[in-house]
Amino acid sequence: MTSAELIQTPPASAAPLRARFRDGKAALIAHFLQSRASAPAAARLTRALTRHADAALTELWLASGTPPGAALVAVGGYGRGELFPHSDIDVLVLLPGTSSDEAANAALSAAIGGFITACWDVGLEIGSSVRTVAECITEARADVTVQTAMLESRFVIGARRLFRDFRHATDAALDPLAFLRAKTLEMRQRHVKYEDTPYALEPNCKESPGGLRDLQVVTWVARGAGLGRTWAELQARGLITPYEVRRLQKHEGTIKLVRARLHAIAGRREDRLVFDLQTAVAESFGMKPAKGQRASEVLMHRYYWAAKAVSQLNKILMLNIEERLTGSEDQPMRPINERFLDRGGLLEVARDDLYLADRRAILETFLIYQQTPGIKALSARTLRALYLARDKMDTEFRHDPAVRAQFMQILKQPAGQTHAFRLMNETSVLGRTLWVFRRIVGRMQHDLFHAYTVDQHILMVLRNIRRFLIPEHAHEYPFCSQLAAQFDKPYVLYIAALFHDVAKGRGGDHSVLGAREVRRFCREHHIDGDDAALIEFLVRHHLTMSHIAQKEDLSDPEVISAFARQLGSPRALSALYLLTVADIRGTSPKVWNAWKGKLLEDLYRLTLRVLGGAPPNMDAEIEARKLEARHRLALRSALPGTEQALWDTLEVSYFARHDAAEIAWHARSLWRHVNTSESVVSARPSPVGDGLQVLVYSPDHADLFARICGYFDGAGFSIQDAKIHTSRARYALDTFQVVHPAYDADDKAGYRDLISLVETGLAQALRAEGPLPEPRRGRVSRRVRSFPVTPRVSLRPDERAQRWILSVSTSDRSGLLYGIARVLARHHVNLQLAKISTLGERVEDTFLVDGPALQHNREQLDIETELLDAIAPTPPAPPALPAPAAPLR
């Protein structure tokens, strides 16, 4: 029977109890917020809220006239006696066995229905179930979640004997080993949901790895196995040491305190430390900005350290309980050497004090883990020994030449670096061996495009580089895999990955500071001169290749030559390319796309040609592109000379900026329209990644680029790249790379519809006359509101003072590019190239522009001021757009 099936009768008057319950709860929360932020204060609050709910439920139960045979049972967190400010109050109404007396059954249903209704009327947000003992057992056997909630049952009021029968029956029905397996699988599934890391930027302090649920799982399976209900009882059974009990209690208290304050400040059930609330929660702790850190960063650093410790101890205790239940702690072990054994695929220390007696065995653990086939993880005994040996990893340990040699051995192994370094970080060995790494463990990155803390990002980059070297992953990035297979010393790339962001959060340029750190590391670890110089170069310039590919004109030979001079060798180019791809890929799943990959690969190939001794020869390159384009046209059955009418109108810069495939596509699409008076729009699935490539050919006229941007903005497209060209005949030939979030690249029918939509809709938009419409005031995301980017505009001449480079940086939102285009149109600024770069929720766009207005300081200032207004999150109304006097490009 469920509460929905009951006859519901409202109570006579719930108002006085509702007021008492509301005011009493508010007073408890207010007192908690006013008191010093401490774990005991949080514990007192959850107990007091539990008693407060008990009192209200008892009063309602008695008033409802429930027959004496039923019982009210608290379950879940409420049953545990830990009621957080806005947690659900889970209750079980326990009924005696079914009766043949229909009148009695009806009276019981009416009484319980009235009780449940009264609970909601007075503000008790209960989660209720109504069952007999037999129904409880049936439900528990079918659903491990129900079984877990009943495990934490607590008597509130009613028939105590019925409750005792219920407890005996549920305990007898529980299979400890099956329960352990079910909860372990459930925990793994939950961890996967939360990306298997305690370091999410918005962690769920209840459900994420390292959250309260990880501690509760340990107590549930221990209780189900009859090994104890509290940390003290687990200690008495030898499952946990006194030191570990103290650490658990400390970190559990920290996370409970965070959760209680989070509920109280949010005013709702909110277990996620979302950006909107992090600062308020931090300030409620009395935390203030310090040493370049925001108050929210101080809070999150404290939370991450607690969550990391919980994750470590959860792993130790779950393995211990499993070994105790399965008897695997007594199974025979295969010796690996005198210090380590193989316990059924788990690496086991030969004795508990191994690391205390021989600190060099600490890193040997991870070396053995890499080298020994069949070893999948560390045993509970090994994890515990590492946990207890943390203080032994001191300055003397870090300076030990043998330890440094072991660290280099781990880096130089043919495989296993990804898992070894992750495990070293999880067990705190990495940060205590590489002290500079310890400073960035759990450090947040408020840049709107990193999805991970600094240490997790670094390990993700290391993983990406390793995948380039693994044949099974060659299909993911074939070109990267090809280059990596030819790279002579992969450990050079691993070290660069470990250090590229290691100086984040110190203030100053983290690339320069990181280069100093890695130089010291190379000296201390006896890395030879050429390799050390390359590693330092990679760390110092790990952002350079991405910057050039996404912000500069790759058709400019001087850009390529300058980059080649900076690199100096093909080896450095390959290393920087691999690190750059791995870095962008490790930033966030949203940041990388195939278009960025093409830009980087184009830059790589152009630079390699220069480094190989071939000076930039644009004339030869253009002739080669024309030859290939003619070949492609012939394959499409185009008549010889089809392209010539169009090509005769185009400048050299057109052929420098487009590859042969694009040149052939343009010629095939436009050979009948070279002198048209109408706009021609042609679209095709992008040959690079998702989205469309859109060609616009039109008599050049005022505001053309702005109108195109306005159409794409209104239709929900994002522009990834734009190549702008004006022919000698004053025709615009523009090519756009665009994506639409609603379309899947695998949906061929959907893409045909999308192409038709763009070709029809954009052509119609270009025929429109009159002033440009106002840009949409797009909403910024919740994350942008929490960590706004200061809008920045930079307008500077290029090195030859012929054109100007306009750089724009701000938070992403719809209508942004259109707003920029309107400002440029207003001042008759000609656009030659647009590089659109979206990094998560931050945009960094670069435009190559010219025009008479840029020659006057006063007008430059006006342009920059209007651009700042246009890219601001809430821009003021722009001035009316005057009728332009001449075609603008």
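The values are calculated or read from the model by the stated rules, or taken from the named source; none is laboratory data. Note that the coordinates shown come from a computational prediction; the quantities given were computed from them, not determined experimentally. Glycine also receives a Cβ, built like all others from the backbone with ideal geometry; neighbour counts cover every protein chain displayed. Surface areas here come from the heavy atoms of the whole protein model, side chains and all, with no ligands, DNA or RNA. Shrake-Rupley method; radii C 1.70, N 1.55, O 1.52, S 1.80 Å.
Out of (1) surrounded by 16 or more Cβ atoms within 10 Å (Cβ to Cβ); (2) under 28 Å from ARG47 (Cα atoms); (3) out of contact with any Ser or Thr (no Cβ under 8 Å at 6 or more places or on another chain), the odd one out for ALA140 is which?
With (1) surrounded by 16 or more Cβ atoms within 10 Å (Cβ to Cβ); (2) under 28 Å from ARG47 (Cα atoms); (3) out of contact with any Ser or Thr (no Cβ under 8 Å at 6 or more places or on another chain) applied to ALA140, the lone miss is (3).
Can you go through ALA402, ALA415 and tell me which one is open to solvent by less than 60 Å² (accessible area, probe 1.4 Å), farther than 23 Å from ASN320 by Cα, in a helix (DSSP H, G or I) and not aromatic (Phe, Trp, Tyr)? Spell out the reasoning first.
On the way: ALA415 fails: in a helix (DSSP H, G or I).
So the residue among ALA402, ALA415 that is open to solvent by less than 60 Å² (accessible area, probe 1.4 Å), farther than 23 Å from ASN320 by Cα, in a helix (DSSP H, G or I) and not aromatic (Phe, Trp, Tyr) is ALA402.
Are any residues in region 507-536 open to solvent by less than 70 Å² (accessible area, probe 1.4 Å) and among the acidic types (Asp, Glu), and if so, which ones?
Across region 507-536, the qualifying residues are GLU517, GLU524, ASP531, GLU536.
Check ILE663 against each of (1) among the β-branched types (Val, Ile, Thr); (2) surrounded by fewer than 17 Cβ atoms within 10 Å (Cβ to Cβ); (3) within 18 Å of VAL696 (Cα to Cα) and name the one condition it does not meet.
(2)
Considering only region 798-834, state which residues are modelled with pLDDT under 85, more than 21 Å from HIS701 (Cα to Cα) and part of a strand (DSSP E or B).
SER811 - this is the single residue of region 798-834 that is modelled with pLDDT under 85, more than 21 Å from HIS701 (Cα to Cα) and part of a strand (DSSP E or B).
Could you give every pair whose Cβ atoms fall below 6 Å, whose first residue belongs to region 389-410 and is more than 26 Å from LEU493 (Cβ to Cβ), and whose second residue is open to solvent by 40 Å² or more (accessible area, probe 1.4 Å) and not in a helix (DSSP H, G or I), counting only separations of at least 6 or pairs across chains?
Here the result reads LYS392/ARG359; PHE397/ARG359, each pair linking region 389-410 to a residue that is open to solvent by 40 Å² or more (accessible area, probe 1.4 Å) and not in a helix (DSSP H, G or I).
Name the pairs: first residue in region 219-233 and without any contact (Cβ under 8 Å) to a residue 40 or more places away in the chain, second residue open to solvent by 20 Å² or more (accessible area, probe 1.4 Å), Cβ to Cβ under 6 Å, at least 6 apart or on different chains?
Close Cβ pairs (under 6 Å, with a partner that is open to solvent by 20 Å² or more (accessible area, probe 1.4 Å)) amount to GLY228/ARG237; ARG229/ARG223.
Would you point out which residue out of GLU536, GLU476 is in a loop (DSSP other than H, G, I, E, B), without any contact (Cβ under 8 Å) to a residue 60 or more places away in the chain and over 25 Å from ALA614 (Cα atoms)?
Numbers: GLU536 fails: in a loop (DSSP other than H, G, I, E, B).
Going through GLU536, GLU476 in turn, the sole match is GLU476.
Every residue, every condition in (1) within 21 Å of ARG167 (Cβ to Cβ); (2) in contact with a Lys or Arg (Cβ under 9 Å, 6 or more places away or on another chain); (3) in contact (Cβ under 8 Å) with a residue 12 or more places away in the chain, yes or no:
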site: LEU49; (1), (2), (3): no, yes, yes
site: THR58; (1), (2), (3): yes, no, yes
site: LEU62; (1), (2), (3): no, no, yes
site: GLY69; (1), (2), (3): yes, no, yes
site: GLY79; (1), (2), (3): yes, yes, yes
site: PHE84; (1), (2), (3): no, yes, yes
site: SER87; (1), (2), (3): no, yes, yes
site: GLY97; (1), (2), (3): yes, no, yes
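Just name the residue that is farthest from SER588 (Cα to Cα) out of those in region 198-233 that are among the polar types (S, T, N, Q) and open to solvent by 10 Å² or more (accessible area, probe 1.4 Å).
Taking the candidates together, the pick is THR230.
Hey, can you tell me all the residues within region 743-767 that are at pLDDT below 85 and either of a type in the set (Gly, Ala, Ser) or touching a Leu at 6+ places or on another chain (Cβ under 7 Å) (or both)?
Correct list: TYR743, ALA745, ALA749, GLY750.
Run ILE410 past the list (1) in contact with a Ser or Thr (Cβ under 7 Å, 6 or more places away or on another chain); (2) at pLDDT 95 or above; (3) of a type in the set (A, V, I, L, M, F, W, C) and report the number of the one that doesn't hold.
Of the numbered conditions (1) in contact with a Ser or Thr (Cβ under 7 Å, 6 or more places away or on another chain); (2) at pLDDT 95 or above; (3) of a type in the set (A, V, I, L, M, F, W, C), the odd one out for ILE410 is (1).
Determine whether region 255-270 contains at least one residue that is farther than 17 Å from ARG302 by Cβ, modelled with pLDDT of 95 or more and in contact with a Lys or Arg (Cβ under 7 Å, 6 or more places away or on another chain).
Taking every residue of region 255-270 in turn, at least one turns out to be farther than 17 Å from ARG302 by Cβ, modelled with pLDDT of 95 or more and in contact with a Lys or Arg (Cβ under 7 Å, 6 or more places away or on another chain).
Counting just the residues of region 693-707 that are farther than 20 Å from THR649 by Cβ and touching a Phe, Trp or Tyr at 6+ places or on another chain (Cβ under 8 Å), which one comes out modelled with the lowest pLDDT?
The extreme case among them is ALA706.
Examine region 56-73 for a residue that is surrounded by fewer than 23 Cβ atoms within 10 Å (Cβ to Cβ) and under 42 Å from the mean Cα position of the chain (by Cα), and state whether such a residue exists.
Checking region 56-73: not a single residue is surrounded by fewer than 23 Cβ atoms within 10 Å (Cβ to Cβ) and under 42 Å from the mean Cα position of the chain (by Cα).
Report yes if some residue within region 753-760 is open to solvent by 10 Å² or more (accessible area, probe 1.4 Å) and in contact with a helix residue (DSSP H, G or I) (Cβ under 9 Å, 6 or more places away or on another chain); otherwise report no.
Restricting attention to region 753-760, the residues satisfying the condition of being open to solvent by 10 Å² or more (accessible area, probe 1.4 Å) are 753, 755-757, 759-760.
After this cut, where a residue has to be in contact with a helix residue (DSSP H, G or I) (Cβ under 9 Å, 6 or more places away or on another chain) as well, the list is none.
Taking every residue of region 753-760 in turn, none turns out to be open to solvent by 10 Å² or more (accessible area, probe 1.4 Å) and in contact with a helix residue (DSSP H, G or I) (Cβ under 9 Å, 6 or more places away or on another chain).
Within region 130-187, take every residue that is more than 20 Å from ALA70 (Cα to Cα) and of a type in the set (Gly, Ala, Ser) and give me the one that is farthest from the chain's Cα centre (by Cα).
Residue satisfying both the conditions and the ranking: ALA172.
Go through (1) open to solvent by 40 Å² or more (accessible area, probe 1.4 Å); (2) among the β-branched types (Val, Ile, Thr); (3) touching a His at 6+ places or on another chain (Cβ under 9 Å) for VAL652 and report which single condition fails.
For VAL652, the failing item is (3).
Would you mind stating whether ALA37 is open to solvent by less than 10 Å² (accessible area, probe 1.4 Å) and either in a helix (DSSP H, G or I) or touching a Phe, Trp or Tyr at 6+ places or on another chain (Cβ under 7 Å) (or both)?
Spelling it out, it is not the case that ALA37 is open to solvent by less than 10 Å² (accessible area, probe 1.4 Å) and either in a helix (DSSP H, G or I) or touching a Phe, Trp or Tyr at 6+ places or on another chain (Cβ under 7 Å) (or both).
Within region 592-674, which helices (runs of 4 or more DSSP H) (wholly inside it) include 1 or more residues that are over 38 Å from the mean Cα position of the chain (by Cα) and modelled with pLDDT under 90?
On the way: elements: 594-611, 618-635, 644-647, 652-657, 660-670.
In region 592-674, the matching helices (runs of 4 or more DSSP H) lie at 618-635, 652-657.
Being within 34 Å of the chain's Cα centre (by Cα) and open to solvent by 30 Å² or more (accessible area, probe 1.4 Å) is the filter here; which residues of region 545-577 pass it?
Answer for region 545-577, where residues must be within 34 Å of the chain's Cα centre (by Cα) and open to solvent by 30 Å² or more (accessible area, probe 1.4 Å): HIS547, LYS551, GLU552, GLN566, PRO570, ARG571.
Assess whether PHE421 counts as being at pLDDT 95 or above, open to solvent by less than 30 Å² (accessible area, probe 1.4 Å) and under 23 Å from the mean Cα position of the chain (by Cα).
Working: at pLDDT 95 or above: yes; open to solvent by less than 30 Å² (accessible area, probe 1.4 Å): yes; under 23 Å from the mean Cα position of the chain (by Cα): yes.
Yes; evaluated as a whole, the condition is true for this residue.
Select from region 238-261 the residues that are touching a residue at least 12 places away in the same chain (Cβ under 8 Å) and among the charged types (D, E, K, R) and write down the one among them that is most open to solvent (accessible area, probe 1.4 Å).
Across region 238-261, the extreme among qualifying residues is LYS250.
Consider region 1-21. How many of its residues are loosely packed, with under 13 Cβ neighbours inside 10 Å and either modelled with pLDDT of 90 or more or part of a helix (DSSP H, G or I) (or both)?
Residues meeting the conditions: 5.
If the requirement is being in contact with a Gly (Cβ under 7 Å, 6 or more places away or on another chain), farther than 17 Å from LEU576 by Cβ and open to solvent by 20 Å² or more (accessible area, probe 1.4 Å), which of these qualifies: ARG467, ARG438?
That would be ARG438, the only listed residue that is in contact with a Gly (Cβ under 7 Å, 6 or more places away or on another chain), farther than 17 Å from LEU576 by Cβ and open to solvent by 20 Å² or more (accessible area, probe 1.4 Å).
How many of the residues in region 262-283 are in a helix (DSSP H, G or I), in contact (Cβ under 8 Å) with a residue 24 or more places away in the chain and open to solvent by less than 30 Å² (accessible area, probe 1.4 Å)?
6
Return yes or no: is VAL696 touching a strand residue (DSSP E or B) at 6+ places or on another chain (Cβ under 7 Å), open to solvent by less than 50 Å² (accessible area, probe 1.4 Å) and either more than 28 Å from SER756 (Cα to Cα) or among the charged types (D, E, K, R) (or both)?
For VAL696, the condition - touching a strand residue (DSSP E or B) at 6+ places or on another chain (Cβ under 7 Å), open to solvent by less than 50 Å² (accessible area, probe 1.4 Å) and either more than 28 Å from SER756 (Cα to Cα) or among the charged types (D, E, K, R) (or both) - is not met.
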